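The structure appears right after this line, and notes come after that.
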Amino acid sequence: MTGMKVIYLDRLFALNLLADYLLCLTAARICGVPLRRRRYLAAALLGALYACAVLLPGWDFLTAPPWKLIFALVMGLVAFLGERHPLRCMLTLLAVSALYGGALWAFGGGRLSLRFLAVSFAACYAALSLLLRDRGTLPDKPRAEICIRFSGRESRFFALRDTGNALVDPMTNRPVLLLSPRAAAPLFGEGMLWGDAVALLEQTAARDALRGVFRLIPCRGVGGNRLLALFRPGRVTVDGDVQPDLLCAVSPEAYGDGFEGIIGIP
């Protein structure tokens with residue numbers, strides 16, 4: 001037994017959990033998407049379980065390249081499936097993983113201690129965070145990170161700050177945030193008729209949980225006047241600040257490259 005290498009599964013699990021979580025965070029920062037930490041933690045848990053499973057008796061077949069690719073793709077889907085460009089995020093995750101792995105192996109001389117890798121991954125993530133600190137607020141497209149909560153559900157996305165968006169609710173004179181159907185889906189589920197606000201009200205009238213939630217407001221756009229479905233969120237924050245007066249309306253046109261909503265600049 002002399003010279004055999006002993007691997008502790010608890011340390012291996014903790015190491016991979018931390019590393020995979022930071023890799024998902026890094027990929028998200030590079031792609032400029034809102035950080036969905038719970039999803040990244042779920043993906044990291046899957047990666048950590050895989051790393052431990054390959055060492056169990058009878059499970060060594062998981063070390064084959066096809067299985068590695070399958071688990072990597074599943075991790076990417078768990079972390080980024082809800083984004084507008086999930087494939088780009090998944091490929092970024094794979095590239096970052098390869099880059100981190102190669103760099104740490106080269107500079108660490110093959111060491112795989114939990115302390116060394118934990119510090120190394122944390123340092124690499126901190127350095128990238130510093131380099132990408134302006135990623136979420138591009139000069140030509142100023143954006144705000146939005147978090148909307150409604151009936152126990154939550155949606156996080158970026159909204160474009162637009163001086164031309166002066167939409168207010170004519171009944172209360174409160175400002176209105178426009179969000180895309182994709183941003184509204186985590187709050188209300190799939191299958192909603194966002195393209196036709198009148199049909200949407202008829203649809204929700206048949207559902208007890210959504211009856212009376214929406215009402216119509218007029219909106220003037222490039223294509224002329226139209227009606228939008230307005231609702232009052234339970235809580236909405238803009239760049240972390242609570243906005244108690246902000247209402248929300250769903251617009252099929254309120255999206256673009258890097259944003260899923262439009263908000264006026266005060």
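Every read-out reported here was derived from the displayed coordinates using simple, explicitly stated rules and does not represent laboratory data. As the structure is a computational prediction, the values presented were derived from the model and not from experiment. In this analysis, Cβ positions are derived from the backbone assuming ideal geometry, glycine residues included, and neighbour counts consider all displayed protein chains.
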Beyond 21 Å, what share of the Cα-Cα pairs of region 150-266 remains, rounded to the nearest whole percent? 31 percent
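Students often check this: by mean Cβ neighbours within 10 Å, which of 208-220, 54-66, 17-29, 33-45 ranks highest, and how do the rest follow? Let's see the in-between values first.
Details: 208-220: 14.0, 54-66: 10.4, 17-29: 22.8, 33-45: 18.2.
So the peptides 208-220, 54-66, 17-29, 33-45, ranked by packing, come out 17-29, 33-45, 208-220, 54-66.
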Using a simple spin-label model with points 7 Å from Cα along the Cα→Cβ vector, what separation in nm is obtained for Asp245 and Thr63? 6.4 nm
Need the full-extension length gain, Leu77 to Val54, defined as separation in residues times 0.36 nm minus the C-alpha distance. One decimal, nm. 6.2 nm
Want the number for Glu190 to Ile70: 0.36 nm per residue separation, take away the alpha-carbon distance, what's left? 40.5 nm
Phi angles of region 57-64, converted by Karplus (6.51 cos²θ - 1.76 cosθ + 1.60, θ = phi - 60°) into ³J(HN,Hα) in whole Hz with x for Gly and Pro, give x, x, 10, 5, 5, 5, 7, 5
Given backbone amide H placed at 1.01 Å from N, residues whose amide H is under 5 Å from that of Arg174, ignoring those fewer than 5 places away on the same chain, are Asp169
For region 20-35, 3J(HN,Hα) per residue [Karplus equation, 6.51 cos²θ - 1.76 cosθ + 1.60, θ = phi - 60°, Hz, x = Gly/Pro]: 5, 5, 5, 5, 5, 4, 5, 4, 5, 5, 5, 7, x, 9, x, 6
Specify the inter-centroid distance of region 10-38 and region 54-101, based on alpha-carbon positions, in whole Å. 12 Å
Please report, in debye to the nearest 20, how large the charge dipole of region 157-248 is about its Cα centre when each Lys and Arg carries +1 at its beta carbon and each Asp and Glu carries -1 there. 120 debye
